[in-house]
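J.: Below is the structure I would like to discuss, written out as structure tokens.
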Amino acid sequence: MSRKSRQQEPGDIHHVMSHGIDSLNLFETEEDCQKFAEILQKNFEKYDCHCYGFIFMRNHYHLLIRPSGDTLSLVMRTINNTYARYINKTRQRRGYVFWDRFKSIPTRDLMYVKKLVLYFHANPLRAGIVKNIKELDNYYWSSHSAMIKKLNPFPWLNRDYTLSIFSTQKEYDSRDYYHTL
């Protein structure tokens, strides 16, 4: 049975996610995270892809991106293939790194985008990687730190667009969502 074609319309924002095969940790070290961020930056620039939110967890990642035209599959295939080669080389392993092809959910609904951003950012809290909101504010490998600190160390992250989805910076800063977890 053939795969279902990806739904993609120019202008869609996509919630993209990918998991390590057999719960393989994709991000074991700071170097792993840094390498993945470099791969994202290179490919987002090359393919004119805009990123509005992200989170790197141990065995998976989430991205909120708007590719230029119909380049989503090309962008993500390049990113995952490049990172898989890096993982296999640095860990002296062979074989698949990702569980399956990346998953993506297209949307134009800005309320849904807002919920996704908050969902991404709460991931370390839900997973017990951080104990509280103060620690979450310092979780570097998430767009949350760039939103809350007003300092964006990720040139490929369009922080201003993401914050514009919230009615005010204060609305984002209130963090009411995190208290419901």
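The values are calculated or read from the model by the stated rules, or taken from the named source; none is laboratory data. Bear in mind the structure is a predicted one, so any value in this text is a computation, not a measurement. Note that each Cβ is placed from the backbone with ideal geometry, even for glycine, and that neighbours are counted across all protein chains shown. Accessible surface areas use protein heavy atoms only, side chains included; no ligands, DNA or RNA. Shrake-Rupley method; radii C 1.70, N 1.55, O 1.52, S 1.80 Å.
J.: Per residue Cα convex hull volume for the chain, in cubic angstrom?
T.: Working: hull volume 22.9 nm³, N = 181.
Per residue, the Cα convex hull of the chain comes to 126 Å³.
J.: Continuing with the same structure: What does the charge count near Tyr83 come to, summing +1 for each Lys or Arg and -1 for each Asp or Glu among other residues with Cβ under 14 Å from its Cβ?
T.: That sum, taken over residues with Cβ under 14 Å, equals +4.
J.: Can you return the aspartates and glutamates within cross-link range of Lys115? Criterion is Cα-Cα under 15 Å, with same-chain partners fewer than 8 residues away left out.
T.: Partners found: Glu171, Asp173, Asp176.
J.: Once R0 is set to 35 Å, what does the formula 1/(1 + (r/R0)^6) return for the Cβ-Cβ distance between Ser164 and Arg77, expressed as a FRET efficiency to the nearest 0.05?
T.: Working: r = 30 Å, r/R0 = 0.85.
My answer for the efficiency is 0.70.
J.: Grab the beta carbon distance between Glu171 and Arg93, set R0 = 30 Å, and tell me the FRET efficiency rounded to 0.05. It would help to have the intermediate numbers written out before the result.
T.: Numbers: r = 44 Å, r/R0 = 1.48.
The value I calculate is 0.10.
J.: Evaluate the Kirkwood expression for the hydrodynamic radius of segment 58-151, namely the inverse of the mean inverse distance over all pairs of different C-alpha atoms, and round to one decimal in Å.
T.: Working: mean 1/r = 0.0643 Å⁻¹.
In segment 58-151 this quantity evaluates to 15.5 Å.
J.: About the Cα centre of the chain, how large is the charge dipole given +1 on each Lys and Arg Cβ and -1 on each Asp and Glu Cβ? Please answer in debye to the nearest 20. Could you put the intermediate results ahead of the total?
T.: Values: 27 positive and 19 negative charges, 92 e Å.
Result for the chain is approximately 440 debye, rounded to the nearest 20.
J.: For segment 26-181, what relative contact order do you get, as a whole percent, if you take Cα pairs closer than 8 Å and at least 6 residues apart? Let's see the in-between values first.
T.: Details: 160 pairs, mean separation 39.5, N = 156.
The normalised contact order for segment 26-181 reaches 25 percent.
J.: Mind listing the phi-derived Karplus ³J(HN,Hα) values for segment 143-152, rounded to whole Hz, using 6.51, -1.76 and 1.60 with θ = phi - 60°, and x for any glycine or proline?
T.: 5, 4, 4, 5, 6, 7, 8, 6, 10, 10
J.: Based on the Cβ-Cβ distance from Tyr112 to Ile21, what FRET efficiency comes out when R0 is 25 Å, to the nearest 0.05? If you can, show how the numbers build up before the last one.
T.: Details: r = 29 Å, r/R0 = 1.15.
Between Tyr112 and Ile21 the formula returns 0.30.
J.: Under the 0.36 nm per residue contour assumption, what length would be gained going from the current alpha-carbon distance of Ser68 and Lys42 to full extension? Each step should come with its number before you reach the end.
T.: Details: separation 26, 0.36 × 26 = 9.36 nm, distance 1.46 nm.
Taking 0.36 nm per residue and subtracting the Cα distance, the gain is 7.9 nm.
J.: Separate question: Would you please give the residues with an amide H less than 5 Å from that of Phe98, counting only those at least 5 places away or on a separate chain, with H modeled from the backbone geometry?
T.: Under 5 Å from the amide H of Phe98: Ile21.
J.: Once whole DSSP H runs in the chain are found, which of them have Cα atoms spread over 20 Å or more along the helix axis and a mean Kyte-Doolittle score of at least -0.5? Walk me through the intermediate numbers first.
T.: Working: long enough: 30-46 (24 Å, -1.26); 72-90 (27 Å, -0.23); 110-126 (24 Å, 0.41).
What comes out of the filter, once short or polar helices are dropped, is 72-90, 110-126.
J.: Moving on to the next point. When DSSP beta bridges are limited to those with both residues in the chain, what percentage is antiparallel, rounded to the nearest 5? Let's see the in-between values first.
T.: On the way: 19 of 20 bridges.
Of the beta bridges lying entirely in the chain, close to 95 percent run antiparallel.
J.: Before I look further, what does segment 104-171 give for accessible area per residue, probe 1.4 Å, in whole square angstrom? Could the numbers behind the result be given before it?
T.: On the way: 3470 Å² over 68 residues.
Using a 1.4 Å probe on heavy atoms only, each residue of segment 104-171 averages 51 Å².
J.: Take the residue pairs Lys114/Lys134; Lys89/Lys149; Lys42/Lys89 and return only those whose Cα atoms are more than 23 Å apart. Write out the running numbers ahead of the final one.
T.: Details: Lys114/Lys134 21 Å; Lys89/Lys149 35 Å; Lys42/Lys89 20 Å.
In this structure, Lys89/Lys149 lie more than 23 Å apart at Cα.
J.: Starting from the amide H of His50, placed 1.01 Å from N in the peptide plane, find each other amide H under 5 Å away whose residue is 5 or more places distant or on another chain.
T.: For His50, whose amide H was placed from the backbone, the distant partners under 5 Å are Arg66, Ser68.
J.: Among all the lysines, which ones have a C-alpha under 19 Å from Lys46's C-alpha, if same-chain residues fewer than 8 places away are not counted?
T.: The reachable lysines, counting only those whose Cα sits under 19 Å from Lys46, are Lys35.
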